[in-house]
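Down below is the structure, laid out as structure tokens.
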Amino acid sequence: MPLDIIVGSQWGDEGKGRFVDLLARNAQIVARFNGGDNAGHTVTVGSQIFKLHLVPSGIIHPNTLNIMGNGMVIHPGSLLDEMKMLKDGGVEINPKRLFISYAAHIITPAHRALDKAMEAVRGKRLIGTTGRGIGPAYTDKASRQGLRMVDLLDPEALMEKLDDHVSQANQTLERCQAAVLNVKEVQEQYWEYSRILAPYIADTSRMAAEVLVRGEAILAEGAQGSLLDVDMGTYPFVTSSTCTSAGVMNGLGIGARAPRRVIGVTKAFQTRVGSGPFPTEQSDEIALALRGTGSNPWDEYGTTTGRARRVGWLDAVLLRYAARINGLTELAITKLDILQGLDELNICTAYQKDGQTYTDLPFGLSNLADFTPVYTTLPGWKPKDVTAARTWDDLPAEAQQYIQAVAQHGGVPVRWISVGAERDQVVTLEV
Ligand code: IMP
């Protein structure tokens with residue numbers, strides 16, 4: 001009953017989509033278990049680039065079934081836009097290959113308005129959310145007043161629930177001096193969504209359990225990254241869902257079971273969008289080299305919001321932490337090619353505070369901002385190029401040394417290294 005899990009081991013945007021794409025061909029089901037359209041998973045197939053926010057990346061493979069699990073929060077309008085974009089790109093979308101959990105929560109325009117209004121009043125303590133309504137939707141879920149996908153199956157009752165929901169949100173919006181919403185307009189919109197999405201709503205928990213009993217494989221696709229996890233991340237600068245492997249069982253409703261593999265995806269350097277501590281953050285020319293100018297699709301600008309990402313050196317202390325909280329069995333390193341313009345490369349292998357060195361943080365990530373990184377410096381491989389490498393031996397010695405250092409300091413073996421944006425630009429190692 002193989003369950004494989006792919007999670008981000010940083011602050012999201014690690015390039016998980018391409019490894020889901022790589023592994024999806026051997027999975028019966030690809031399933032998203034957390035988050036919503038705050039995620040942005042880019043999959044490149046030849047000249048086509050698919051930017052997915054909600055639909056699992058397995059959709060690109062014609063024989064893969066795709067589940068949007070109960071742990072997700074779904075904005076129906078975004079989902080329909082994405083389904084259209086996929087259809088226009090030649091991908092088959094129908095209720096025989098895309099299944100939405102009846103228990104997944106619905107995001108409404110009220111959640112989005114509240115997300116933005118609450119950010120506006122946070123002032124200095126701004127989280128820098130994606131503005132997609134994620135926090136307010138999970139808040140409603142936890143306070144037992146959320147709307148769920150199953151509600152779309154009874155549009156009459158849904159209209160009443162929407163009336164309550166939007167009216168209540170309007171009171172808060174008024175207090176925040178933000179524009180209020182027109183209840184009727186929201187109702188009309190969601191009536192229409194009900195009609196279109198109803199055939200896709202299913203008992204995905206049972207479906208997943210049956211697939212596992214038959215011995216077929218499920219690939220769970222994490223969104224965001226471990227350091228944004230609501231419990232274990234850099235709280236309060238986190239998202240509102242469980243982004244770690246532990247979220248899979250709950251977010252798909254499959255019960256506790258040992259996964260076959262837990263794959264952590266990490267960039268060869270570190271990035272972050274939004275506020276919060278980032279000890280290895282760089283500025284100036286190093287930042288430009290890591291971020292790019294925005295002229296390439298893979299440059300460090302958000303898939304969802306277009307925001308320039310903060311960039312810095314790889315943080316192996318945080319990688320070790322992510323390995324521990326996820327039970328990672330292997331690593332996939334992305335964007336090794338981006339490092340090739342640099343003379344020297346730093347990896348943070350420990351932290352310092354008040355003259356003391358730490359290889360593990362005393363209270364997790366709770367006071368990360370108080371620590372100063374200690375770097376190990378390695379040579380770059382300039383002007384050698386890694387983009388044509390497909391085996392370990394194809395990599396320059398300095399690149400091999402860098403990968404070995406990541407595995408050693410991260411405490412997890414490396415199985416894949418991506419060396420470019422194309423589907424085949426991957427070095428696969430035996431673990
Ligand atoms: P929210 O998930 O929109 O509430 O945003 C909370 C924090 O998580 C913000 O710092 C966002 O920038 C960050 N975040 C949310 N989703 C992603 C993602 O997919 N990649 C990177 N950062 C994300």
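Read-outs throughout are calculated quantities, based only on the coordinates presented, and are distinct from any laboratory measurement. Values in this document were obtained by computation on a predicted structure and should not be read as measured data. Cβ: placed from backbone, ideal geometry, glycine included. Neighbour counts: every protein chain shown.
A Förster radius of 30 Å, combined with the Cβ-Cβ distance separating TRP298 from VAL374, puts the computed FRET efficiency at roughly 0.50.
In the chain, Cα pairs under 8 Å separated by at least six residues give a relative contact order of 19 percent. Length gained on full extension, GLU192 to GLN401: 69.6 nm, using 0.36 nm per residue less the C-alpha separation. Rounded to the nearest 10 degrees, the angle from helix 316-326 to the longest Cα principal axis of the chain is 40 degrees.
Shape class of segment 1-85 from the alpha-carbon gyration tensor: rounded, with the ratio a/c of largest to smallest axis under 1.5.
Can you give the net charge of the other residues whose Cβ lies under 14 Å from the Cβ of ASP394, counting K and R as +1 and D and E as -1? Once positives and negatives cancel, what remains is -3.
FRET efficiency for GLN145 and ARG206, Cβ-Cβ distance as r, R0 = 22 Å, nearest 0.05?
Numbers: r = 26 Å, r/R0 = 1.18.
Given R0 = 22 Å and the Cβ-Cβ separation, E is 0.25.
Please give the calculated 222 nm ellipticity per residue for the chain, where each DSSP H segment of at least 4 residues contributes -39500 (n - 2.57) and the sum is spread over every residue; nearest 500 deg cm²/dmol? Value at 222 nm, helices only, nearest 500: -9500 deg cm²/dmol. Think of the chain as a dipole: +1 on every Lys or Arg Cβ, -1 on every Asp or Glu Cβ, centred on the Cα centre; then among TRP416, PRO95, GLY17, PRO95 lies furthest on the positive end.
Rounded to whole numbers, the Karplus 3J(HN,Hα) couplings from phi for segment 221-235 are 9, x, 10, 6, x, 4, 7, 9, 4, 5, 8, 9, x, 7, 3 Hz, using 6.51 cos²θ - 1.76 cosθ + 1.60 with θ = phi - 60°, and x at Gly and Pro. Specify the angular offset, from 0 to 90 degrees and rounded to the nearest 10, of the alpha carbon long axis of helix 155-175 from the longest principal axis of the alpha carbons in the chain. So the inclination is approximately 60 degrees. Backbone N atoms of segment 97-111 closer than 14 Å to the 7 Å Cα→Cβ label point of ASP164 are not found in any residue. By the count of other C-beta atoms within 10 Å, a proxy for reagent exposure, ASP360, ASP284, ASP21, ASP203 are ordered fewest to most as ASP284, ASP360, ASP203, ASP21. Positive end of the dipole of the chain (Cβ unit charges, origin at the Cα centre): among VAL7, TYR375, PRO277, the Cα lying farthest that way belongs to VAL7. From the Cα gyration tensor of segment 125-215, with a ≥ b ≥ c the square roots of its eigenvalues, which class applies: rounded if a/c is under 1.5, or else prolate if a/b is larger than b/c, or else oblate? In terms of gyration-tensor shape, oblate.
Per-residue packing, averaged as other Cβ atoms within 10 Å, sorts the ranges 218-225, 13-20 into the order 218-225, 13-20, beginning with the highest. Evaluated at q = 0.06, 0.11 Å⁻¹, a Debye calculation over the C-alpha positions of the chain (equal weights, vacuum) places log10 I(q)/I(0) at -0.24, -0.82. Taking amide H as placed 1.01 Å from N in the peptide plane, the amide H of TYR358 sits under 5 Å from that of TYR351, GLN352, LYS353, each at least 5 places away or on another chain. Computed with the Debye formula from one identical point scatterer per Cα of segment 280-326, without solvent, the log10 of I(q)/I(0) at q = 0.16, 0.21, 0.28 Å⁻¹ comes to -0.55, -0.77, -0.94.
Given +1 at the Cβ of Lys and Arg, -1 at the Cβ of Asp and Glu and no other charges, the dipole of the chain around its Cα centre is 380 debye to the nearest 20.
Which shape class, rounded, prolate or oblate, goes with segment 170-292 when its Cα gyration tensor gives a ≥ b ≥ c as root eigenvalues, a/c under 1.5 marks rounded, and past that a/b bigger than b/c marks prolate?
oblate
From the alpha carbon centroid of segment 28-78 to that of segment 192-228 is 10 Å. Taking a straight Cα-Cα cut-off under 19 Å and skipping sequence neighbours fewer than 8 places away in the same chain, the aspartates and glutamates within cross-link reach of LYS184 are ASP151, ASP154, GLU156, GLU160, ASP163, ASP164, GLU174, GLU192. Round to the nearest 10 and give me the degree value, 0 to 90, for the angle of helix 183-197's Cα axis relative to the longest principal axis of the chain. Orientation of helix 183-197: about 70 degrees from the principal axis.
Spin-label pair ARG175-ASN94: with each label point 7 Å from Cα along the Cα-Cβ axis, the two points sit 4.9 nm from one another.
The residues TYR375, TYR138, when put in order of fewest to most other Cβ atoms within 10 Å, stand as TYR375, TYR138.
Mean sequence separation of contacting Cα pairs (under 8 Å, at least six apart), scaled by the length of segment 308-428, corresponds to a relative contact order of 34 percent. A Förster radius of 41 Å combined with the Cβ-Cβ distance from THR359 to ALA388 puts the calculated FRET efficiency at roughly 0.70. Mean sequence separation of contacting Cα pairs (under 8 Å, at least six apart), scaled by the length of segment 40-187, corresponds to a relative contact order of 19 percent. Pairs from the list LYS84/LYS141; LYS51/LYS335; LYS141/LYS161; LYS87/LYS116 with a Cα-Cα gap above 23 Å: LYS84/LYS141; LYS87/LYS116.
Taken about its Cα centre, segment 1-75 carries a charge dipole of roughly 120 debye when the Cβ of each Lys and Arg holds +1 and the Cβ of each Asp and Glu holds -1. Using equal-weight Cα scatterers in the Debye expression, the normalised intensity of segment 329-402 in log10 at q = 0.17, 0.19 Å⁻¹ is -0.77, -0.85. Tell me, PHE363, PHE237, PHE50 in order of fewest to most beta-carbon neighbours within 10 Å? Starting with the residue having the fewest Cβ neighbours, the order is PHE363, PHE50, PHE237.
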